[in-house]
Amino acid sequence: MLQIIQGDSLTELRKLPSNSIQLCVTSPPYFGLRDYGKEGQIGLEPTFQEFIQNLTNVFSEVRRVLKKDGCLFLNMGDSMVSKQTSCAPACGTSDKAPEDYRPNIKSTDKSLPPKSLMGIPWRLALSLQDDGWILRQDIIWCISGGTYLYVKSQKGEMPMTAKDLFRLNPKTIQLWNGKKWTQLLGMNKSERTGEELELLLRSGERISCTPTHKFPTSRGLISAKEIRIGDIIDSCTIPEPENPRDCSIDTDAAWLAGLYIAEGSTSGHCIQIAGHTKEIDRWERVKRIALKFGGTATISIDGNKSNIRLYGKFLHAIIGELVSGRTSHDKGFANVVWQYSNAFINEMLLGYLSGDGHHDIKNNRWRLGFTRNYNLERDLRTAAARLGYPITIKMSHVSYNGTQRPALRGEIRFTRAGHHNEKEKFEVVQIRKARCRHVYDLGVEDEPHLFSLASGVLTHNSKPSCMPESVTDRYTKAHEYIFLLTKSPKYQWFQNNIREPNSEASIKRAEYGWHCDRDSPKNASMGGTGIHTEKMGKRFANPKGKNPRSVWSINPASFKDAHFATFPEEIPKRAILASTKGGDTVLDPFAGSGTTGKVALELGRQATLIELNPNYISLIKQRTSTTIGFAFQLNSPLTYPTSPNNKSQ
């Protein structure tokens, strides 16, 4: 059953019977952030004190209608006092806004100095506590994601790490979404939690991300934790610049730079190219290029080895301009290379292949093999993405002087093999624990909220409806608060419904764990003897999983052409599973686009939704009718037919 009520929350709550609701999950309007286009709406009060009092009055009625063992999950974001005393979001979500959307509402409140964080979530939580609520927990909702990207900045187009991108002004950055350049809205940085995953693709590429980070795949847009072996991640070709930098440094210079990456070194004024005496065509082209750019070239032979020496200031300038790094472990394409045309990059790639590659003519491919150089691996993948070439580079080891040395091996083709059994390069072949130190949230502007990694792999906007902060004198806020409040000390709670999988380390420790007694040196200050006496004994790990933590990694949500502060479905889902059973009634007095009601119905619960703006009622109807398949009557209970999805959890 679903009941939709259009009207003011406080007024309509007073009409509901006492002790009739099991759970309330809601996200009220934030203070001074948006105008929802209705008189008397909460969030546009002259002062934050009035805002807090109005919400306290509303939740006093919520407490009345809750059953004695009921719970309230309350999401609230903070606001910042600007120099003009207008309130700006400290963190939040935004979707495409209706016509009555007016952001950055002015506030007449001058009780706080400019640039102050208003502390709205905790002011509200403490006010509710004073009003009789039991404050059980504060839950932090975090968001995450990040890796090598293909970036368009003030310096041009190039691959760039997320950590380097994080230092730049997002207004100066655009990312490629597979069809066009899309504006970067902002980024946040977070420490790893230990739950991050690494996806290994058939191409050998390794992508580290959080479990909630999403990818467009052959099965649709799914999170990393839902990806299965065999899923194929969508990819794209990286565009060349609209105005390539090609000038007097032509494709001959590009070919020489590529050869230098593979076989070259510099000693003083001399550029050296190692090779084989059979590589006559290479020597002839190197000699011609040296003369073309005003230099000289000599060659010496030692058995079957050849050593080409080049001299000339312009030749040195070419290498300095187009090549980064100095040794086989760090040499690669300089960033400026990506400002050139695809023809230029193709010639630089051919120069590299003439040195480190083996042309397998029979199978129409170039085989690759080089020392473990991650810079070069990234550059080869990016070049392949620019040129549309299939590439595979995998971790390997080679024997050298009786030892195993780390290496990278693979192949590159100029066209697909066309074999009937050919596998997709972006197929997921392994999923394992990641070892990244940090993860990054990114928000981009345009639908479908995709952006490309430097390799051409497409990934989904980490925060598709974010409102990032552009701040330089404090940390960027990367969370919102969800408060768990209850009507009484004892309340309905289903712990096993929300348990998370035990980590591998926890399972191992549970088999046989070490326990230090009070006599260990560490505990000597507590009255022990100071003698180290560890004991082996059994430890317990719940086979149903571990208790969920209070930091939730959840991506914000968007609902196309809908409400511009859409509630992520994962939040009400976790709340409903934890504190209700099948048939219980869930309330949302600030329904918005009806996410709480939609999730409640999907989980076999009943729902009562209250929404002030009549424009959003149609959105609620659209979302819940799509889910259940039934017509609506306003302000009256709606009974739905039994659905396979409507089962008690």
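Before we move on, is residue 284 free of Cβ contacts under 8 Å to residues at least 60 places away in the same chain and not assigned by TED's automatic domain parsing to the domain that holds residue 355? When the stated conditions are applied, residue 284 does not pass them.
Search the stretch 187-230 for residues being on the phi > 0 side of the Ramachandran plot and in contact (Cβ under 8 Å) with a residue 40 or more places away in the chain, and hand back the single one that is surrounded by the fewest Cβ atoms within 10 Å (Cβ to Cβ). Please lay out each step first, then the result.
First pass over the stretch 187-230, keeping only residues on the phi > 0 side of the Ramachandran plot: 194, 204, 220, 230.
From the residues that got through so far, the ones that are in contact (Cβ under 8 Å) with a residue 40 or more places away in the chain too are 194, 204, 230.
Working: 194: 10, 204: 19, 230: 12.
Here the answer is 194.
Residue 337 meets each of the listed conditions (1) among the hydrophobic types (A, V, I, L, M, F, W, C); (2) closer than 25 Å to residue 157 by Cβ; (3) out of contact with any helix residue (DSSP H, G or I) (no Cβ under 7 Å at 6 or more places or on another chain) apart from (3). Answer with yes or no whether residue 87 is in the same structural domain as residue 14 (by TED's automatic domain parsing), modelled with pLDDT under 75 and in a loop (DSSP other than H, G, I, E, B). In short, no. If the condition is being basic (Lys, Arg) and modelled with pLDDT under 90, then the stretch 210-253 contributes 214, 219, 225, 245.
One line per residue, one yes/no per condition, for (1) touching a Leu at 6+ places or on another chain (Cβ under 8 Å); (2) of a type in the set (Asp, Glu); (3) surrounded by fewer than 16 Cβ atoms within 10 Å (Cβ to Cβ):
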| position | (1), (2), (3) |
| --- | --- |
| 334 | yes, no, no |
| 341 | no, no, no |
| 354 | yes, no, no |
| 360 | no, yes, yes |
| 395 | yes, no, yes |
| 401 | no, no, yes |
| 405 | no, no, yes |
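Condition check for residue 366 on (1) surrounded by 19 or more Cβ atoms within 10 Å (Cβ to Cβ); (2) assigned to a helix (DSSP H, G or I): one failure, at (2). Among the residues of the stretch 27-49, which ones are hydroxyl-bearing (Ser, Thr, Tyr), surrounded by fewer than 21 Cβ atoms within 10 Å (Cβ to Cβ) and modelled with pLDDT under 70? Listed by number, the list is empty, since nothing qualifies.
With respect to the conditions (1) part of a loop (DSSP other than H, G, I, E, B); (2) closer than 30 Å to residue 210 by Cβ; (3) at pLDDT 50 or above, residue 597 lacks only one, and its number is (1).
Can residue 332 be described as small (Gly, Ala, Ser), touching a strand residue (DSSP E or B) at 6+ places or on another chain (Cβ under 7 Å), touching a residue at least 40 places away in the same chain (Cβ under 8 Å) and assigned by TED's automatic domain parsing to the domain that holds residue 164? When the stated conditions are applied, residue 332 does not pass them.
The values are calculated or read from the model by the stated rules, or taken from the named source; none is laboratory data. This is a predicted model, so every value here is computed, not measured. We place every Cβ from the backbone using ideal geometry, glycine too, and count neighbours over all the protein chains shown.
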